[in-house]
1. I want to check a number: in the chain, how many lysine pairs have alpha carbons closer than 20 Å, given a sequence separation of 8 or more or different chains?
2. Pairing the Cα long axis of helix 239-257 with the longest principal axis of the chain, what angle in degrees results, from 0 to 90 and rounded to the nearest 10?
3. Quick check on the exposure proxy: order Met1, Met257, Met72, Met50 from fewest to most C-beta atoms within 10 angstrom.
4. When Lys and Arg each count +1 and Asp and Glu each count -1, what net charge do the other residues less than 12 Å away from Trp231, Cβ to Cβ, add up to?
5. Using the Cβ atoms and a cut-off under 11 Å, what net charge is assigned to the surroundings of Ile170, where Lys and Arg are +1 and Asp and Glu are -1?
6. Based only on Cα atoms, what mean projected area does the convex hull of the range 107-233 have, in nm²?
7. Treating only the Cβ of Lys, Arg, Asp and Glu as charged (+1, +1, -1, -1), what charge dipole size does the range 207-274 show about its Cα centre? Round to the nearest 20 debye.
8. Please report the relative contact order for the range 31-261, taking Cα pairs under 8 Å with a sequence separation of at least 6, and give it as a percent rounded to a whole number.
Amino acid sequence: MHPYELHRIEPGSAVDLSAIDPGRTPGLSGPESQERAAAAALHAENILAMQDLQYRLWAESQRSVLVVLQGMDTAGKDGTIRHVFGALNPQGVRVEGFKQPTPEELAHDYLWRVHRKTPGHGRIVVFNRSHYEDVLVVRVHGLVPEDVWRRRYEEINAFERLLAGSGTTILKVFLHISKGEQKQRLQARLDEPDKLWKFSMGDLAERKRWAEYQEAYTDALSRCSTEHAPWFVVPADSKWYRNWAISSIVRRALEEMDPRPPRAEIDPSKIHIE
């Protein structure tokens with residue numbers, strides 16, 4: 001089965017993250033060495049196909065793609081961006097990160113800063129964290145009353161419906177790692193000098209709220225996986241599997257869009273270049 005079907009959350013279904021093993025590699029079979037080799041080869045094929053599809057999307061300039069990446073600290077959002085989108089033409093790809101809102105952003109509704117960053121026609125935009133922080137961090141830390149963050153699920157669904165209706169294909173990916181894997185990755189940041197800059201004491205504080213975040217993600221995934229903006233839960237303990245699965249999902253979506261360059265309005269046979 002293709003990763004698109006394997007990891008897509010069926011709209012209206014209840015998600016149980018505890019039942020999804022972050023270390024699994026569904027869609028592949030055999031010893032790990034064979035799986036890794038197969039995933040690497042298939043991932044390379046996906047990148048080549050995505051390069052062509054991106055070119056066609058840019059030339060068509062009628063539709064766009066928004067990829068939302070969410071996950072716990074160290075889940076691999078930056079790595080996904082580097083390995084899945086890094087080989088595409090940077091003229092047509094933009095990465096947007098959403099951290100603590102600025103005073104200007106707080107003076108507007110919570111979707112204001114997000115809407116401004118959505119892709120224009122012909123472009124692919126990747127959100128490194130997103131509007132979902134307003135039903136995740138905001139919920140876990142009690143930054144707004146419960147009745148406020150609870151109504152945001154429907155507001156987000158409506159916002160994404162607006163984008164989809166305007167020609168944006170939306171793919172939302174939750175990078176699902178285990179608590180044990182997160183511990184190893186945090187320790188690696190402490191042990192390896194070239195990774196130390198990534199370490200933050202805030203990561204340890206958030207780790208203590210692991211169960212609360214899992215509950216918040218469960219609700220977001222269950223309430224906001226829709227036909228127009230599906231969620232995908234990708235096991236991400238294995239980085240090589242994560243890369244292949246996500247590139248497969250993005251490639252499938254672009255192929256289904258089937259972008260077509262516009263028909264030329266000139267007859268090249270009648271043009272002579274001196």
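1. So the count of such lysine pairs works out to 25.
2. Approximately 40 degrees, to the nearest 10.
3. Numbers: Met1 8, Met257 18, Met72 26, Met50 21.
Arranged by neighbour count, lowest to highest, Met1, Met257, Met72, Met50 become Met1, Met257, Met50, Met72.
4. Working: positive: Arg8, Lys172, Arg223; negative: Glu10, Glu160, Asp219, Glu227.
Taking every Cβ under 12 Å from that of Trp231, the sum is -1.
5. Details: positive: Arg161, Lys172; negative: Glu160, Glu227.
Summing Lys and Arg as +1 and Asp and Glu as -1 gives 0.
6. In nm², the orientation-averaged hull projection of the range 107-233 is 9.4.
7. Details: 11 positive and 11 negative charges, 86 e Å.
Dipole about the Cα centre, nearest 20: 420 debye.
8. Working: 305 pairs, mean separation 77.2, N = 231.
About 33 percent, as a whole number.
No lab work stands behind these numbers, since they all come straight from the coordinates. The structure displayed is predicted, hence computed values, not measured ones. FYI the Cβ positions are ideal-geometry reconstructions off the backbone, even for glycines, and counts take in every protein chain you see.
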